[in-house]
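The values are calculated or read from the model by the stated rules, or taken from the named source; none is laboratory data. On a predicted model such as this, the values are computed, not experimentally measured, just so you know. Backbone-built Cβ (ideal geometry, glycine too); neighbour counts: all protein chains shown. Areas reflect the complete protein model, heavy atoms only, side chains present, ligands, DNA and RNA absent. Shrake-Rupley method; radii C 1.70, N 1.55, O 1.52, S 1.80 Å.
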Amino acid sequence: MEKKIWGAVAMLGLGGLLVACQPGGPKLIDKADTTSDTRSGYSYAEPETQAMQDDDFNNPAMLWADIGGDQWTTVDGEAGKSCQSCHGEAAKSMKGVGAKFPIWDAKLKTPKAVEMQINECRTERMKAQPWKWESDQMLGMTMYVKMQSRGMPVNVDVSGPMKAWLERGKEFYNTRRGLLDMACSHCHVDNAGNMIRANRLSQGQANGFPTYRLKWQKPGSLHRRFKGCNDQVRAEPFKRGSEEYLALETYVMWRASGLPVETPAVRN
Amino acid sequence: MSKKPRIKVPKKAAKGEIVQIKTLISHNMETGTRKDKSGKLIPRNIINKFTCTLNGKEVLSANLYPSVAANPYFAFHVRATESGTFEFTWTDDEGKEIKASNEMTVA
């Protein structure tokens, strides 16, 4: 009898422990490959921040995505074309496109980010003025294009000439820099999940960019985030669209392979 | 680049039903305490007033203060009494008024 009671108590105790563990544990966004330890920044975010991202109305980045949607059909430049003139409905033609970037640019002999593709279309096909990397229009359009791949797995082709860039990006990622003498990997590999002051470090996965950052109070490009990280270790940041950041983008996006595109994500 | 406010009002509602209205607007909400690169204070420019009217009658009015974050979001509930137009007005410190409206049919 006594044994039985103890057994029941032990069971209860274990049950209680299991229940206690669950709500605190990280929530994974529905992801095909849950066996791998690749985790979206979403799973590190506070529940309130996750709720902002989950509700398309509440997500403030949508104000910019709306700009992108408007610009998609806006005729601009001497050629008298809009994005829609060539590509038709974005929901169809851009589905899955954003998940593949960066791609190889045979002309420039560098990886090509979505922002570069947009400006290439604008200057060559539309004969319009290029947009600045961090302008509202560029953020909006990049977001709008990538949004069409939401939920699809990040899938960067790193074969052929991209392989060298992947290696270059990986080297950048693991190179110590700045006064603090820190590499990307020190935070996002060795200490992912730990606190850095009041913030929780994530794996630094880039599947939600352009991301609305509550700190910025607006969305920002991936290269803005790179600059921010470089600044924080007191290193000299590179320019948006520079070869260094394109290599890094190639590596970081490849690292996020299989994670669903979350653009536009919301992070603290 | 001006961004249009986002508004969500149900198109139809039953009489007496309580409906939710959501609004989201883009605004810097400059607090007035930040300094620019030369050390000068950046003047305050926030949305200080938000109102919502139904057919000209006020249903909600709010005063905002500098601790409200950029791109303010409002969600509130209204009892559907009559069909008509909801008008939303945001007023900022520069006196700029941003307006938007949305129809709702009460059956």
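How far is the Cα center of region B:1-32 from the Cα center of region A:224-254, in Å?
Using only Cα atoms, the two centres lie 36 Å from each other.
Just to confirm a number: summing +1 for Lys and Arg and -1 for Asp and Glu over residues other than B:THR23 whose beta-carbon lies under 11 angstrom from that of B:THR23, what do you get? Mind dumping the intermediate values first?
Numbers: positive: B:ARG6, B:LYS8, B:LYS22; negative: none.
After counting each charged neighbour, the total is +3.
Name the aspartates and glutamates eligible as straight-distance cross-link partners of B:LYS15: C-alpha to C-alpha under 13 Å, and not fewer than 8 places from it in the same chain.
Result set, ordered by chain and number: B:GLU82.
Packing-wise, with mean Cβ within 10 Å as the measure, how do B:68-78, B:93-103 rank, highest first? Display every interim value, and only then the final one.
Working: B:68-78: 15.9, B:93-103: 12.4.
Sorting B:68-78, B:93-103 by mean packing, highest first, produces B:68-78, B:93-103.
Using a 1.4 Å probe, what is the accessible area per residue for region A:63-147, in Å²? List each step's numbers first, then the result.
Details: 3860 Å² over 85 residues.
For region A:63-147, the solvent-accessible area averages 45 Å² per residue.
For region A:166-242, what is the accessible area per residue in Å², given a 1.4 Å probe and the full set of protein chains?
Details: 4100 Å² over 77 residues.
Accessible area per residue: 53 Å².
Report the per residue volume, in Å³, of the convex hull enclosing the C-alpha atoms of chain B.
Values: hull volume 9.6 nm³, N = 107.
Expressed per residue, the convex hull around the Cα atoms of chain B is 90 Å³.
Using a Förster radius of 22 Å, what is the FRET efficiency between B:ALA14 and B:ALA75 based on their Cβ-Cβ separation? Nearest 0.05, please.
That gives a FRET efficiency of 0.60.
Residues of region B:1-41 losing 20 Å² or more of accessible surface, assembly versus chain alone, probe 1.4 Å, please list them.
By number: B:MET1, B:LYS3, B:LYS4, B:ARG6, B:LYS8, B:LYS22, B:LEU24.
Over the Cα atoms, compute the radius of gyration (one decimal) and Dmax (the largest Cα-Cα distance, rounded to a whole number) for region A:74-232, in Å.
Cα-based Rg and Dmax for region A:74-232 come out at 17.4, 52 Å.
Quick check: at a probe of 1.4 Å, how many percent of the accessible area of the protein assembly as shown sits on carbon and sulfur atoms?
Details: 10840 of 20220 Å².
Taking all protein chains in place, the protein assembly as shown shows 54 percent carbon and sulfur surface.
Return one whole number: the accessible area per residue of region B:6-106 in Å², for a 1.4 Å probe. Please list the in-between numbers first.
Working: 5840 Å² over 101 residues.
For region B:6-106, the solvent-accessible area averages 58 Å² per residue.
Probe radius 1.4 Å, ligands and nucleic acids left out: can you give me the accessible area buried at the B-A interface, summed over both chains, in Å² to the nearest hundred?
Buried: approximately 1400 Å² between A and B.
If each of B:ILE42 and A:LYS92 carries a label point 7 Å out from its Cα toward its Cβ, how far apart are those two points in nm?
With each label point 7 Å from Cα toward Cβ, the separation is 4.4 nm.
Pulled fully out, how much extra length does the chain show between A:LYS109 and A:VAL189, if you take 0.36 nm times their separation in residues and subtract their Cα-Cα distance?
Working: separation 80, 0.36 × 80 = 28.80 nm, distance 2.97 nm.
Net length gain for the segment: 25.8 nm.
Quick one: Cα centre-to-centre distance for region B:34-107 and region A:130-155, in angstrom?
28 Å
Counting helices only, and only those DSSP H runs with n ≥ 4, report the 222 nm mean residue ellipticity of chain A as the sum of -39,500 (n - 2.57) divided by its residues, in deg cm²/dmol to the nearest 500. Each step should come with its number before you reach the end.
Values: 11 runs with 111 residues, N = 268.
Here the helix-only value at 222 nm equals -12000 deg cm²/dmol.
Across 10 Å bins from the origin, how do the percents of Cα pairs in region A:185-259 run, short distances first?
For region A:185-259, the pair-distance distribution reads 18, 52, 29, 1.
If one computes P(r) from the Cα atoms of region A:63-147, what percent of pairs lie at distances over 15 Å?
Working: 2010 of 3570 pairs.
Roughly 56 percent, once rounded to a whole number.
Which residues, if any, in region B:70-107 lose at least 10 square angstrom of accessible heavy-atom surface (probe 1.4 Å) when the other protein chains sit next to their chain rather than the chain being alone?
Residues of region B:70-107 that lose at least 10 Å² of accessible area once the other chains are added: B:ALA70, B:ASN71, B:TYR73.
Would you mind checking A:LYS127/A:LYS239; A:LYS95/A:LYS239; B:LYS3/B:LYS99; A:LYS107/A:LYS218; A:LYS127/B:LYS4 for any pair whose Cα atoms are more than 22 angstrom apart? Intermediate values should be presented prior to the final figure.
Details: A:LYS127/A:LYS239 25 Å; A:LYS95/A:LYS239 29 Å; B:LYS3/B:LYS99 12 Å; A:LYS107/A:LYS218 33 Å; A:LYS127/B:LYS4 27 Å.
As for pairs spanning more than 22 Å Cα to Cα, those are A:LYS127/A:LYS239; A:LYS95/A:LYS239; A:LYS107/A:LYS218; A:LYS127/B:LYS4.
Given Cα positions, please report Rg to Rh for the protein assembly as shown, the hydrodynamic radius being the Kirkwood one.
Numbers: Rg = 24.1 Å, Rh = 23.4 Å.
Using Cα coordinates only, the ratio equals 1.03.
Per-residue mean of other chain beta-carbon atoms within 10 angstrom of the beta-carbon, peptide A:55-66? Each step should come with its number before you reach the end.
Values: counts 1, 1, 8, 6, 3, 9, 1, 3, 9, 4, 0, 5.
For peptide A:55-66, the averaged partner shielding equals 4.
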